[in-house]
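Peer 1: I'd like to ask some things about the structure below.
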Amino acid sequence: MKQQLETIFKNANEDLAKASSINDIEEIRGKYLSRKGEFNEIKKNLKNLSDEDKRIVGSLANEITQKLEASLKAKYDEFYQKELNEKLQKERIDITLPGKYVPTGKVHPLTSTTNEIVSIFQSLGFSVAPDRNSPEVETEYFNFDMLNVPKDHPARDVQDTFYTTLAPNVVLRSQTSGAQIHVMEEQKPPIRIIAPGRVYRNENINARKNNFFHQIEGLYVDKDITFGDLKGVLNEFIRIYFGASRPTRFRNSFFPFTEPSAEVDVQCIMCEGKGCRTCSGTGWLEILGCGMVDPNVLRGVGIDPEIYTGFAFGMGVERLAMLKYAIDDIRLFFNNDERFLHQF
Ligand code: DAH
């Protein structure tokens, strides 16, 4: 039996010498040292020996298996380190490499400006008119007739308004004011809406003018609405949009659909009122038109001007964005130059 033990030990060491991986080690451990391993098979036969031999062979078996355990462990550790190093080497990450650039989209500055203006008016109790009340392709009826614009008004001239070939009276809207008519034909007062959208005019394009741009229309009709309400709402809007510090003024004006009418100026942000090229030396910049809804307009949509009054306003989104961000050329909004767009 001693002979047998020595032989198994020798075989085990030979196997171990050939081992080249942790897997091999585990196999060897299984073959020799597990419950069904070769050493255990021998140990099972110990009971047939005399007490004296049992002691000698038993302690030899223990000694040999302990030795084998020790060399298995040493080899195991060695392979473990080796495999770990290989793995680390293979999976090495160079953290000094620059990351992959994933370009992200940005909200267009006109969209974010519109969103901001809309949310300010929402906070003042206005809601956005449904899209069907604010179409870009309009009839003269909504764009002019019902807004009290006379048939011979120069704004109707093809030089200003784009007429379509769909029908003689179908135009690309030149103002969002037609939304007022759509809304009032559908709803009864109290009415408190805004309508943002694109408008078209046959302009010569330059730094201040484009042949399409964006407006936000507003309309408030109820009992006892006064010019004081108009001033209160618009001053509050300007205070929130530009910050408390920007001086504003209401200036007398004329629009066919409001009486009285006004335009609102804010102090020029380029020169702070001193006068510069942007404000043509006046120190002020116009941001919107407004007024009390003309009784003719109310009557036209079946609202009794003896009972109800209202105010309306229309502001240019490009204008408001240019003033807030000191943008000096309207064409920048439409060139799709990423160097510009990514600043917002
Ligand atoms: N629609 C006018 C324009 O495009 C602006 C305007 C002025 C709108 C007075 C209004 C208003 O609602 O009451 O120039």
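The values are calculated or read from the model by the stated rules, or taken from the named source; none is laboratory data. Because the structure is predicted, anything quoted here is derived from the model rather than measured. Neighbour counts are summed over all protein chains in view; Cβ atoms, including those assigned to glycine, are modelled from backbone coordinates with ideal geometry. We work out accessible area using only protein heavy atoms, side chains counted, and drop any ligands, DNA or RNA first. Shrake-Rupley method; radii C 1.70, N 1.55, O 1.52, S 1.80 Å.
Peer 1: Roughly speaking, what is the centre-to-centre gap between region 181-252 and region 293-344 when only Cα atoms are used, to the nearest Å?
Peer 2: About 6 Å separates the Cα centre of region 181-252 from the one of region 293-344.
Peer 1: What is region 230-344 by shape, rounded, prolate or oblate, if you read a ≥ b ≥ c off the alpha carbon gyration tensor as root eigenvalues and call it rounded for a/c under 1.5, prolate for a/b larger than b/c, and oblate otherwise?
Peer 2: The shape class here is prolate.
Peer 1: What aspartates and glutamates does Lys324 reach when the alpha-carbon gap must be under 14 Å and sequence neighbours fewer than 8 apart in one chain are set aside?
Peer 2: Excluding near neighbours in sequence, the set is Glu116, Asp265, Glu272, Glu286.
Peer 1: Oh, and also: Rounded to the nearest 500 deg cm²/dmol, what is the calculated helix-only ellipticity per residue at 222 nm for the chain, with -39500 (n - 2.57) per DSSP H run of length n ≥ 4? Could the numbers behind the result be given before it?
Peer 2: On the way: 11 runs with 139 residues, N = 344.
Estimated from H runs of four or more residues: -12500 deg cm²/dmol.
Peer 1: May I ask for the angle, rounded to the nearest 10°, between helix 227-242 and the longest principal axis of the chain, with both axes built from Cα atoms and the value confined to 0 to 90°?
Peer 2: Once rounded, the angle reads 30 degrees.
Peer 1: Using a ≥ b ≥ c from the Cα gyration tensor of region 187-245 (square roots of the eigenvalues), is it rounded, prolate or oblate, where a/c under 1.5 gives rounded and otherwise the larger of a/b and b/c decides, a/b for prolate?
Peer 2: Oblate.
Peer 1: Are any of the pairs Lys18/Lys54; Lys2/Lys31; Lys106/Lys209; Lys2/Lys36; Lys2/Lys73 more than 30 Å apart by Cα-Cα distance, and if so, which?
Peer 2: Check vs 30 Å cut-off fails for Lys18/Lys54.
Peer 1: Same structure, new question: For helix 2-18, what angle does its Cα long axis make with the longest principal axis of the chain, in degrees from 0 to 90 and rounded to 10?
Peer 2: 30
Peer 1: Here's something else I'd like to know. How high is the relative contact order of the chain, in percent, counting Cα pairs under 8 Å that sit 6 or more residues apart?
Peer 2: The value is 14 percent.
Peer 1: Mean 1/r over all different Cα pairs, inverted: what Kirkwood radius does region 110-341 give, in Å?
Peer 2: Computed over Cα pairs of region 110-341, the Kirkwood hydrodynamic radius comes out at 18.3 Å.
Peer 1: I've got another one for you. List the aspartates and glutamates whose alpha-carbon lies under 20 Å from that of Lys10, not counting same-chain residues fewer than 8 positions away?
Peer 2: Within reach: Asp24, Glu26, Glu27, Glu38, Glu41, Glu63, Glu69.
Peer 1: List the cysteines of the chain that have no other Cys Cβ closer than 4.7 Å: which are they?
Peer 2: Cys290 - these cysteines have no disulfide-compatible partner (Cβ-Cβ under 4.7 Å) in the chain.
Peer 1: I want the antiparallel fraction of DSSP beta bridges within the chain, as a percent rounded to 5.
Peer 2: 95
Peer 1: Of the listed peptides 1-8, 187-194, what is their order by residue-averaged count of other C-beta atoms within 10 Å, with the highest listed first?
Peer 2: 187-194, 1-8
Peer 1: Ignoring ligands and nucleic acids, what accessible area does His342 show with a 1.4 Å probe (Å², nearest 10)?
Peer 2: Here the residue's solvent-accessible area equals roughly 70 Å².
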